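Working notes for the structure below.
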Amino acid sequence: MQIIYEQIKRGLAPDLDAFCSVIENLRHEGAEAIILGCTELSLIKKQYSVPIYCIDSLDVLAESTIKACGKEPIGFLFPSSGDLL
């Protein structure tokens, strides 16, 4: 939460070491994937490289919306959200 509220929302660069530490701790606890469920976390993914197992909820929403409109999504970096289930 500190990364979101005290850094990104204030227009500061995120502490990438802290972000990576959170990811590493979650993976150590058994998480197979990390959901970037806050729009501010999508900004980290947009500006910096994140591991492929970090799933951006905005990407999933956009892909699902495109499919709901009967179109084929292009340019998404990980398997279709339907493939993740």
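The values are calculated or read from the model by the stated rules, or taken from the named source; none is laboratory data. Bear in mind that the values here come from a model prediction, so they are computed numbers and not experimental data. So basically every Cβ, Gly included, is an ideal-geometry build from the backbone, and we count neighbours across all protein chains shown.
Brief remarks on what is shown
- Subset of region 1-27 (residues that are of a type in the set (S, T, N, Q) and surrounded by 14 or more Cβ atoms within 10 Å (Cβ to Cβ)): Gln7
- Residue selected from region 5-28 under the condition of a type in the set (A, V, I, L, M) and touching a residue at least 24 places away in the same chain (Cβ under 8 Å), by the criterion farthest from Gln47 (Cα to Cα): Ile23
- Out of Gln47, Gln2, one residue alone is without any contact (Cβ under 8 Å) to a residue 60 or more places away in the chain and farther than 25 Å from Gly75 by Cα. It is Gln2.
- Pick from region 15-54, criterion of a type in the set (A, V, I, L, M, F, W, C) and more than 17 Å from Ile4 (Cβ to Cβ), ranking: modelled with the lowest pLDDT: Ile52
- When restricted to residues that are within 15 Å of Leu58 (Cβ to Cβ) and not in a helix (DSSP H, G or I), region 1-45 contains 5.
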